[in-house]
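The values are calculated or read from the model by the stated rules, or taken from the named source; none is laboratory data. Values in this document were obtained by computation on a predicted structure and should not be read as measured data. A quick note on method: Cβ atoms are made from the backbone with ideal geometry, for glycine too, and the neighbour counts reach across all protein chains shown.
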Amino acid sequence: MVSSLSHGFEVALTWQNLLFCLVGAGFGTLVGIMPGIGPITTIAMLLPLTFKMPAVGAFIMLAGIYYGAHHSGSTTAIMLNMPGEPTSVVICFDGHPMARNGRAGPALCIAALSSFFAGCVGVLVITLFAPMLADISLKFGPPEYAVMMLMAVLATATFSAGSLLKSLPMAVLGLLLGTIGTDVNSGTMRYTFGWVTLADGIDFVIIAVGLFGLAEIVHNLAKGKGEVRIAGKVTGLFPTLPDLRASWKPMIRGTALGSVLGVLPGTGPLISSFASYNLEKKIAKEPARFGQGAIEGVAGPESANNAASITHFIPMLTLGIPAGAAMALMLGALTIQGITPGPALVSDHPDLFWGVVASMWLGNLMLLVLNLPLIGIWIRLLAIPYRFLFPAIMTFCCIGVYSLRNNVDDVMLAAGFGVLGYVFVKCECSPAPLILGLVLGPMLEENLRRTLLISGGDPLVFVTRPISAGLLVLTVLLIGFAVPSFLRFGGSRKAQQRRTAAVPD
Amino acid sequence: MSSIIRDSKSVVCGALFAAIGAGAFIAALSYPFGSAQRMGPGFFPMMLSGLLALLGILNILRGMSVKTVGRVRFGRIAWRPLVWITIGVLGFAVVLPRLGLLVSVAFLIGCASLAQERFRVVEMLCIALALVLLSTVLFVYGLDLPLAELLPH
């Protein structure tokens with residue numbers, strides 16, 4: 001394992017990959033700080049570009065964008081009471097009061113340190129557990145894969161913003177959209193209505209760009225601009241000794257919570273940060289301090305957030321099952337590069353796997369450096385009005401979609417999904433389950449087909465096989481546990497709406 | 001009518017889901033269903049579309065349910081950004097093969113500016129110029145889009 005990791009560092013420390021890491025982490029920081037554009041939109045927008053890049057570098061960059069955005073969302077939460085990323089909503093509760101009391105510096109510093117600590121532990125978790133998981137999953141057959149994929153889709157629907165009654169049909173719609181095109185087994189054209197463009201199905205990038213990119217632009221323009229008021233200047237950056245003493249235990253607790261919750265399909269950084277906040281508040285000696293500027297309310301959730309964003313990669317890298325919408329997009333990106341994520345990834349493509357793991361640690365180090373000293377610059381970038389940003393986003397989206405197949409029909413489809421996406425935003429239906437259903441649909445159907453073939457049409461096969469039955473129980477527990485507690489984590493209706501409007505994971 | 005509908009958002013998305021589900025189900029009837037052991041191409045789509053239609057109806061029912069507290073309105077539809085962004089992207093698709101990348105990006109930015117409440121012409125011209133240059137560099141040299149695509153034929 002040590003030799004694998006050192007090989008990974010060899011891969012990650014080439015000039016080219018270091019550059020990709022820096023670009024990704026930097027871009028992610030930018031995107032995490034700026035409201036109005038999130039990591040999923042960015043990844044969807046840049047996907048067409050990555051097809052021309054080497055696979056390892058492309059993935060390093062996309063991964064950097066993802067965890068970079070989660071790292072930096074707390075900056076605006078603290079300074080402006082505005083979460084740059086939905087996962088940073090919790091940081092507003094105690095981070096902003098700290099800034100208002102003139103303690104912005106320590107808050108930002110503790111947030112950055114917590115993130116770095118959590119990132120290191122997260123990378124360690126991947127290093128230790130991913131190969132183990134890959135070995136276990138070699139015992140997986142079609143029934144196990146089918147159940148796992150179903151679990152991923154259902155869990156994402158359960159933990160998405162908005163009610164389950166709206167998220168479930170989104171997931172089903174995604175699965176249905178995945179059936180469009182030529183059925184591989186029979187050659188039947190499904191839902192193509194004679195239109196040749198649809199013969200190969202609708203590329204997930206088109207739908208992602210429409211639902212996440214274009215719809216978000218319309219929604220942001222509709223909302224109009226808000227007042228951007230910065231809470232005080234950032235003077236003393238260093239936290240005091242009592243700060244550090246109060247923070248180290250929440251950091252560890254948050255990291256542990258985030259590492260575990262991030263692996264489970266459907267959860268991820270959002271739930272982790274809320275869970276950590278609730279935990280810290282519950283075990284604090286003086287819970288009344290929370291909401292007024294308790295540093296535990298920053299250290300814990302920030303660690304949970306970042307740890308989860310790293311371990312979020314594990315199911316996708318080891319099993320080929322994306323744990324959320326962002327991972328689904330990256331799964332798609334890898335597939336197009338000719339790499340099939342799954343148990344074989346660790347052994348077939350050790351360069352990619354260990355290189356990415358090593359670069360995650362390097363990326364976290366870069367972020368520690370980027371976030372603190374350059375805070376002044378990042379804050380000033382917030383002043384860039386949205387009206388400069390969104391035309392650029394639109395242009396990249398259009399050209400990117402066109403470049404998929406040099407087909408303008410794809411761009412028109414994206415426009416259609418943009419309109420649909422806006423309807424979904426207005427109805428408070430989260431698009432994340434749809435993307436998951438879309439990406440996993442074909443594989444789910446294939447595994448289901450094989451399962452039924454092997455079992456002779458007997459659906460009980462899912463319960464008679466031990467691993468499959470265990471996964472089913474886990475799915476039921478996950479959803480059963482989550483539904484009532486999500487009502488608690490959901491926070492105020494305003495927070496829920498903010499999360500639905502921003503791009504949920 | 002408005003007193004029956006308590007939660008407009010649920011009713012609207014429910015109707016959408018039900019409509020798509022029903023349509024997809026009817027279309028899937030023409031694909032071979034197969035048997036339990038050998039799933040045909042129609043198996044999965046029929047199950048999914050049926051489920052979708054059912055969930056859509058449930059949403060409509062919930063939207064009309066007496067138990068819903070208060071009234072949830074659909075809210076104002078932002079027609080201006082919606083229409084202009086859509087026209088922009090569709091127009092891009094129509095213009096690109098006929099008049100090349102430069103004109104289509106310019107058209108896109110034009111529509112983008114119309115999507116806003118207020119815009120300054122000089123600003124938008126600068127943005128258009130910058131984006132045209134940037135996309136040329138990025139996509140023609142980066143992605144090897146054929147150079148002939150740049151200019152009108």
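Could you check the range A:364-396 and list, in sequence order, the residues that are among the small types (G, A, S) and more than 12 Å from chain B (Cβ to nearest Cβ)? If you could, list the steps in order and put the result at the bottom.
If we filter the range A:364-396 for residues that are among the small types (G, A, S), which is where we start, we get A:376, A:383, A:392.
Listed by number, the residues that qualify are A:G376, A:A383.
Among (1) out of contact with any Phe, Trp or Tyr (no Cβ under 8 Å at 6 or more places or on another chain); (2) assigned to a helix (DSSP H, G or I); (3) buried (at least 22 other Cβ atoms within 10 Å of the Cβ); (4) in contact (Cβ under 8 Å) with a residue 24 or more places away in the chain, there is one condition A:P322 misses while meeting the rest; what is its number?
All conditions pass for A:P322, except number (2).
Which residue is farthest from A:F212 (Cα to Cα), if the candidates are limited to the range A:387-433 and must be without any contact (Cβ under 8 Å) to a residue 60 or more places away in the chain and of a type in the set (S, T, N, Q)?
The qualifying residue farthest from A:F212 (Cα to Cα) is A:N406.
Please enumerate the residues belonging to the range B:64-82 that are more than 10 Å from chain A (Cβ to nearest Cβ) and of a type outside the set (A, V, I, L, M).
Initially, the range B:64-82 is screened for residues more than 10 Å from chain A (Cβ to nearest Cβ), giving B:64-71, B:73.
Those that are more than 10 Å from chain A (Cβ to nearest Cβ) and of a type outside the set (A, V, I, L, M): B:S65, B:K67, B:T68, B:G70, B:R71, B:R73.
Can you tell me which of (1) assigned to a loop (DSSP other than H, G, I, E, B); (2) closer than 25 Å to A:L362 by Cα; (3) under 20 Å from the mean Cα position of the chain (by Cα) is the one A:M53 doesn't meet?
The number of the failed condition is (3).
Does B:V95 meet the test of being free of Cβ contacts under 8 Å to residues at least 24 places away in the same chain and in a helix (DSSP H, G or I)? Can you show your working first?
On the way: free of Cβ contacts under 8 Å to residues at least 24 places away in the same chain: yes; in a helix (DSSP H, G or I): yes.
Yes, satisfied.
With A:A146, A:A107, A:A111 as the choices, which residue is under 16 Å from A:P343 (Cα atoms), touching a residue at least 12 places away in the same chain (Cβ under 8 Å), of a type outside the set (D, E) and in contact with a helix residue (DSSP H, G or I) (Cβ under 6 Å, 6 or more places away or on another chain)?
On the way: A:A107 fails: under 16 Å from A:P343 (Cα atoms); A:A111 fails: under 16 Å from A:P343 (Cα atoms).
Going through A:A146, A:A107, A:A111 in turn, just one is under 16 Å from A:P343 (Cα atoms), touching a residue at least 12 places away in the same chain (Cβ under 8 Å), of a type outside the set (D, E) and in contact with a helix residue (DSSP H, G or I) (Cβ under 6 Å, 6 or more places away or on another chain): A:A146.
With respect to A:I399, is the statement that it is more than 26 Å from A:N185 (Cα to Cα), surrounded by 18 or more Cβ atoms within 10 Å (Cβ to Cβ) and either within 8 Å of chain B (Cβ to nearest Cβ) or small (G, A, S) (or both) true?
Details: more than 26 Å from A:N185 (Cα to Cα): yes; surrounded by 18 or more Cβ atoms within 10 Å (Cβ to Cβ): yes; either within 8 Å of chain B (Cβ to nearest Cβ) or small (G, A, S) (or both): yes.
Yes; evaluated as a whole, the condition is true for this residue.
Which condition from (1) exposed (fewer than 15 other Cβ atoms within 10 Å of the Cβ); (2) at pLDDT 80 or above is the one that B:Y141 breaks?
Just one mismatch for B:Y141, condition (2).
Return the residues of the range A:181-200 that are more than 9 Å from chain B (Cβ to nearest Cβ), assigned to a loop (DSSP other than H, G, I, E, B) and either free of Cβ contacts under 8 Å to residues at least 40 places away in the same chain or aromatic (F, W, Y) (or both); say none if nothing qualifies.
Listed by number, the residues that qualify are A:T192, A:G194, A:W195.
So the check is Cβ under 7 Å with 6+ separation or different chains; which pairs have a first residue in the range B:18-38 that's more than 7 Å from chain A (Cβ to nearest Cβ) and crowded, with 20+ Cβ neighbours inside 10 Å and a second one that's at pLDDT below 90 and in a loop (DSSP other than H, G, I, E, B)?
Pairs found: B:A28/B:G42.
For A:L30, only one of the following conditions fails: (1) buried (at least 23 other Cβ atoms within 10 Å of the Cβ); (2) in a helix (DSSP H, G or I). What is its number?
Among (1) buried (at least 23 other Cβ atoms within 10 Å of the Cβ); (2) in a helix (DSSP H, G or I), the lone unmet condition for A:L30 is (1).
Yes/no matrix, rows are residues, columns are (1) among the basic types (K, R); (2) closer than 22 Å to A:L434 by Cβ; (3) at the interface with chain A (Cβ under 8 Å from one of its Cβ atoms):
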| position | (1), (2), (3) |
| --- | --- |
| B:S10 | no, yes, yes |
| B:L54 | no, yes, no |
| B:W84 | no, no, no |
| B:G91 | no, no, no |
| B:L108 | no, no, yes |
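Tell me the helices (runs of 4 or more DSSP H) entirely within the range A:391-490 that contain at least 1 residues that are at pLDDT 90 or above. Working first, answer last.
Details: elements: A:408-426, A:432-455, A:461-464, A:466-489.
Filter on the range A:391-490 gives A:408-426, A:432-455.
Any residue that is without any contact (Cβ under 8 Å) to a residue 12 or more places away in the chain, part of a loop (DSSP other than H, G, I, E, B) and touching a Leu at 6+ places or on another chain (Cβ under 8 Å) - is there at least one of those in the range B:64-77?
Taking every residue of the range B:64-77 in turn, none turns out to be without any contact (Cβ under 8 Å) to a residue 12 or more places away in the chain, part of a loop (DSSP other than H, G, I, E, B) and touching a Leu at 6+ places or on another chain (Cβ under 8 Å).
Look at A:A333 and say whether it is of a type outside the set (S, T, N, Q), under 16 Å from the mean Cα position of the chain (by Cα), modelled with pLDDT of 85 or more and over 28 Å from A:F117 (Cβ atoms). Full working, then the answer.
On the way: of a type outside the set (S, T, N, Q): yes; under 16 Å from the mean Cα position of the chain (by Cα): yes; modelled with pLDDT of 85 or more: yes; over 28 Å from A:F117 (Cβ atoms): yes.
For A:A333, the condition - of a type outside the set (S, T, N, Q), under 16 Å from the mean Cα position of the chain (by Cα), modelled with pLDDT of 85 or more and over 28 Å from A:F117 (Cβ atoms) - is met.
Testing B:Q116 on (1) of a type in the set (S, T, N, Q); (2) crowded, with 19+ Cβ neighbours inside 10 Å; (3) in a loop (DSSP other than H, G, I, E, B), one condition comes back false. Which one is that?
(2)
So A:P373 ticks every box in (1) without any contact (Cβ under 8 Å) to a residue 60 or more places away in the chain; (2) in a loop (DSSP other than H, G, I, E, B); (3) farther than 18 Å from A:S74 by Cβ; (4) not aliphatic (A, V, I, L, M) but one. Which box is left unticked?
Exception for A:P373: condition (3).
Among the residues of the range A:423-451, write down those that are facing another protein chain (nearest Cβ under 10 Å) and farther than 15 Å from B:G14 by Cα.
Matches in the range A:423-451: A:G437, A:G441, A:P442, A:L444, A:E445, A:E446, A:L448, A:R449, A:R450, A:T451.
Collect the residues in the range B:1-49 that are in a helix (DSSP H, G or I), farther than 22 Å from A:L448 by Cβ and not hydrophobic (A, V, I, L, M, F, W, C), keeping them in residue-number order.
Within the range B:1-49, B:S8, B:K9, B:S10, B:G14, B:G23 meet the criteria.
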